[in-house]
Amino acid sequence: MEPFKEYRSEYMGGLLKSEEGPTELSPCARCGGPVRLILYRCKQCIHPDLLCAGCMVKVHQNQPLHVVEQWETRKGFWRRVPLSKLGLIVDLEHGGEKCIYSFPDPREIMVMHEHGLETVRFRFCRCGREGEGRKAPPVQLLEAGFWPGSWERTATAFTLEVLQEFELLSSHCHANPTDYCAYLRRRSDSTCPDDLSVRSLLFRWR
């Protein structure tokens, strides 16, 4: 660590710079909306713009699990907020477009992914393609990369990536399901992980 001591002020400056929030006069970088809007940033995007809720949803229509944070003006810090709270709905089938026969209200599903636990709102296709029957919701989830926790009225799902990650950690690092779920809860909220409501974990299906 000795070589780093000479540049410690530059390192700290860079870290603190990344935690700066917008000023009261900062507009949305995408739509240029009025100032004094609540602005959001994405932790997964490189060089993320500060966007309003509507623009953040548009940018992440196909990235519903990105970690998005909201600037708390009065408290002066970034707080994690799920994209579903901003209005994002994931439409399955039809290339991400809404099925004309789908129910208007989406279904909320708790998704376990490599960045933690997130509630995602899914809207399922209800039409039958020519020569095909209507696809069951679990099949639609699987084709989109989510492993359903149950066949009937799925309430919990897991990304295929998080299952593969657990398999590798289990076989090479001897991680057990309880510790892995605790790790994901900590990734979701490192301040109060016990406050997270988890309906189903790795081997407790619903």
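Brief remarks follow.
- From most to least packed by mean Cβ count within 10 Å, the peptides 17-27, 73-83, 149-159, 116-126 give 116-126, 149-159, 73-83, 17-27.
- Highest-first arrangement of 104-114, 90-100, where packing means the average Cβ count within 10 Å: 104-114, 90-100
- Solvent-accessible area, 1.4 Å probe, carbon plus sulfur percent, for the range 40-165: 50
- Given R0 = 30 Å, the distance between the Cβ atoms of Val139 and Ser170 translates into a calculated FRET efficiency of 0.65.
- Equivalent ellipsoid semi-axes - Cα gyration tensor, the chain, angstrom: 34, 25, 14
- Once the Cβ-Cβ distance of Phe103 and Arg30 is raised to the sixth power relative to R0 = 45 Å, the FRET efficiency obtained is 0.90.
- Whole-angstrom gap from the range 1-57 to the range 152-180, using each part's C-alpha centre: 32
- Every helix of 4 or more DSSP H residues in the chain counts as -39500 (n - 2.57), and over all residues that averages to -7500 deg cm²/dmol at 222 nm.
- Computed from the C-beta positions of Ile46 and Lys75 and an R0 of 22 Å, the FRET efficiency is 0.25 to the nearest 0.05.
- Probe 1.4 Å, protein heavy atoms only - accessible area per residue of the chain in square angstrom: 64
- Too-long pairs where the Cα-Cα distance tops 19 Å, listed order kept, from Lys17/Lys75; Lys5/Lys43; Lys58/Lys98; Lys98/Lys135: Lys5/Lys43
- Taking 0.36 nm per residue of separation and subtracting the Cα-Cα distance, full extension of the segment from Glu152 to Thr119 would add 10.1 nm.
The values are calculated or read from the model by the stated rules, or taken from the named source; none is laboratory data. None of these values were measured; they are calculated from a predicted model. Cβ sites come from the backbone with ideal geometry, for glycine too, and all protein chains shown count toward neighbours. Surface areas here come from the heavy atoms of the whole protein model, side chains and all, with no ligands, DNA or RNA. Shrake-Rupley method; radii C 1.70, N 1.55, O 1.52, S 1.80 Å.
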